[in-house]
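First the structure, in the form of structure tokens, and then the observations on it.
The values are calculated or read from the model by the stated rules, or taken from the named source; none is laboratory data. Worth saying up front: this structure is predicted, and the values here are computed from it rather than measured. Positions of Cβ are backbone-derived with ideal geometry, glycine not excepted, and every protein chain shown enters the neighbour counts.
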Amino acid sequence: MLQHRFIDTARANPDKLAIIDRTTGRDVTYSRALIAALILARRFRQIERGRIGIMLPTSAGGALAILGAIFADQTPVMINYSTGAEKNCLYAQQKCDFRKIITARALLEKTGCAELPDMVFIEDILENLSRSEQLLALIKSKMPTSWLKRVSGSHDLNKPAVVLFTSGSEKDPKVVQLTQKNLLSNIDSFSGMMNIYGMDNLLAVLPYFHVFGLTINLWTPLCLGMTSITYSNPLEFKTIAKIIKDDRPSLLVGTPLFLEGYARQSRAGDFESVELTVSGADKCPEALRELYREKHNLEIFEGYGTTETSPVISVNPRDANRPGSIGIPIPGTEVKIENIDTGEECSAGETGKILVKGDGVMQGYLNDIEETHLRIKSGWYDTGDLGYLDEDGYIWHKGRLKRFIKIGGEMISLVMVEESLNNVTPEEIECCVVELPDAKRGSKIVAVTNTAIDQQAIVKKLSEEIPNLALPKKYVTIAEFPRMGSGKTDFRGLTEIVRELDNSD
């Protein structure tokens, strides 16, 4: 059990820092984290049963609230505050059948979220602790380990350990339940394959409502006895670059957008403590690899995962990195490529749907049997992504199936058009392509950049790289792309903006 691993760690390293919170300046040792988890568990039991909402940033408070919920035998429902906090709170309550949401006033103020009737503020709990409940938690924390484990949550590995929501970048978020077994298998397989057991600390800035942040930035260090150096806003690149320089993490894990921001705000030598850099959640550009090689003599190891797989499916091994690929499956995970049309297994080098089986795969979507059956068949989870396996078992990602469109009877990859657009525009310009309905052809491709470009010159260059059918029919400039919490482009949000602009023309 996750909480049992944490208890073992706390007992073995009571004085070691579990969390260095660079947002609040609060440092928490493992022994203090154990006491806080016991206090919060007692409070949470008094206000909620079953599931409990948590909307807190990556911080000591956020980590302790999740621990407290697990100790209370409750399933934390992680609420995304980056894409409409109030709307997401109500959506989560409706979908998951719970009332209370643990949050903080500072977060509501920052996100512009209204205070809802069922919100409970963690600062109120921590500021109004009686001497007796603090003493009770202290006494409990000193009890025999076996007793402490017995009273700290469920012992069922198949019990949900968290409820998360898919990104919603293409349609309404789906509700994903991940069990104790799902998360533990992912932690053990990733940690073993990437040999991080000897590392002392890591930078933890990914949001806990994102599975990448929850598994790798929260539970992995708590289970392995590492120190998490937390900061609440991963987009404050300059601040985080300084944190990396000053606090010297061994492990740096992030999305390409975040990793690029930190590197650009750093100087040579600032990342000298970093032993391993892992990129995930989005395609890692070759330019980013070069930036890390040239500036910090670091190689980026790209991985791949989904919310439904806890998340890691594959990653490039430290001793056999194959840049451009998304690595090989982690131990205990199987991957096969299935032909889109026939359903047969593809041979090496043949592109098809990426299917995954293993202990990290979710049991199903909460209260959605139909969607579960569509995505999981005979234990194989359909990721909705396209790719191929090479002769050595490395996976090469070719894009989302939903990011293919049919024009003139031909299947066109929006990812392919996007990559070509990136190739012919300056490096500092961000590019994306979206699909809009077209009365004559069914669909049309619109190119979006964050800076105005020389359209005539770009069209000429693009026509040398891609077929005429795939050429964008319109070019739009949008200064700031909408983002998901992970830093990925919100395709649905961007498409809506482009559609409004198109309708107003």
The number of residues in region 274-310 that are surrounded by 16 or more Cβ atoms within 10 Å (Cβ to Cβ) and farther than 25 Å from I395 by Cα is 3
Return the pair list, or none, for Cβ contacts closer than 6 Å from residues in region 10-28 that are under 18 Å from P234 (Cα atoms) to residues that are part of a loop (DSSP other than H, G, I, E, B), at least 6 apart or on different chains. D21/S59; R22/Y231; T23/S59; T23/Y231; T23/S232
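Of everything in region 474-505, what is hydroxyl-bearing (S, T, Y), modelled with pLDDT under 80 and within 19 Å of R400 (Cβ to Cβ)? Give them in sequence order. Spell out how you get there, then give the answer.
Pass one, region 474-505, residues hydroxyl-bearing (S, T, Y): 475, 477, 486, 489, 495, 504.
Cutting the leftovers down to modelled with pLDDT under 80 gives us 486, 504.
S486 - this is the single residue of region 474-505 that is hydroxyl-bearing (S, T, Y), modelled with pLDDT under 80 and within 19 Å of R400 (Cβ to Cβ).
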List the number of the failed condition for Q363; all other conditions in (1) exposed (fewer than 14 other Cβ atoms within 10 Å of the Cβ); (2) polar (S, T, N, Q); (3) closer than 16 Å to S185 by Cα hold. (1)
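Only one of these is in a strand (DSSP E or B), hydrophobic (A, V, I, L, M, F, W, C) and over 27 Å from L164 (Cβ atoms): I340, I354, I405. Name it.
Details: I340 fails: in a strand (DSSP E or B); I354 fails: over 27 Å from L164 (Cβ atoms).
From the options I340, I354, I405, the qualifying one is I405.
Restricting the search to region 119-146, which residues are of a type in the set (K, R) and assigned to a helix (DSSP H, G or I)? Before the answer, list the steps.
Pass one, region 119-146, residues of a type in the set (K, R): 131, 140, 142.
Answer for region 119-146, where residues must be of a type in the set (K, R) and assigned to a helix (DSSP H, G or I): R131, K140.
Show me the helices (runs of 4 or more DSSP H) found entirely inside region 208-298 where at least 3 residues are charged (D, E, K, R). Lay out the reasoning, then the answer.
On the way: elements: 220-224, 237-247, 256-264, 286-296.
Answer list for region 208-298: 237-247, 286-296.
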Of these, L252, L222, which one is more than 30 Å from N367 (Cα to Cα), touching a residue at least 12 places away in the same chain (Cβ under 8 Å), within 16 Å of the chain's Cα centre (by Cα) and surrounded by 23 or more Cβ atoms within 10 Å (Cβ to Cβ)? L252
Within region 384-397, considering residues that are surrounded by 17 or more Cβ atoms within 10 Å (Cβ to Cβ) and either at pLDDT below 95 or among the small types (G, A, S) (or both), the one nearest to C284 (Cα to Cα): H397
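Evaluate the following for T425: is it within 25 Å of N233 (Cα to Cα), among the β-branched types (V, I, T) and within 31 Å of the chain's Cα centre (by Cα)? Walk me through how you get there before you give the answer.
Numbers: within 25 Å of N233 (Cα to Cα): no; among the β-branched types (V, I, T): yes; within 31 Å of the chain's Cα centre (by Cα): yes.
Answer is no for this residue.
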Applying the selection to region 58-73, what residues are crowded, with 24+ Cβ neighbours inside 10 Å and not hydrophobic (A, V, I, L, M, F, W, C)? T58, S59, G61, G62, G68
In region 146-176, which residues are surrounded by 23 or more Cβ atoms within 10 Å (Cβ to Cβ), within 23 Å of K488 (Cα to Cα) and in contact with a Leu (Cβ under 6 Å, 6 or more places away or on another chain)? V162, V176
Within region 275-300, work out how many residues are under 21 Å from S191 (Cα atoms) and acidic (D, E). 3
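In the set K444, K377, which member is of a type in the set (K, R), over 27 Å from G324 (Cβ atoms), in contact (Cβ under 8 Å) with a residue 24 or more places away in the chain and in contact with a strand residue (DSSP E or B) (Cβ under 9 Å, 6 or more places away or on another chain)?
Numbers: K377 fails: in contact (Cβ under 8 Å) with a residue 24 or more places away in the chain.
Just a single option satisfies the conditions, and that option is K444.
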Please indicate, with yes or no, whether at least one residue in region 180-201 is surrounded by 21 or more Cβ atoms within 10 Å (Cβ to Cβ), under 27 Å from K242 (Cα atoms) and touching a strand residue (DSSP E or B) at 6+ places or on another chain (Cβ under 7 Å). yes
Take the conditions closer than 18 Å to Y292 by Cβ and at pLDDT 95 or above and apply them to P331. Does it pass? no
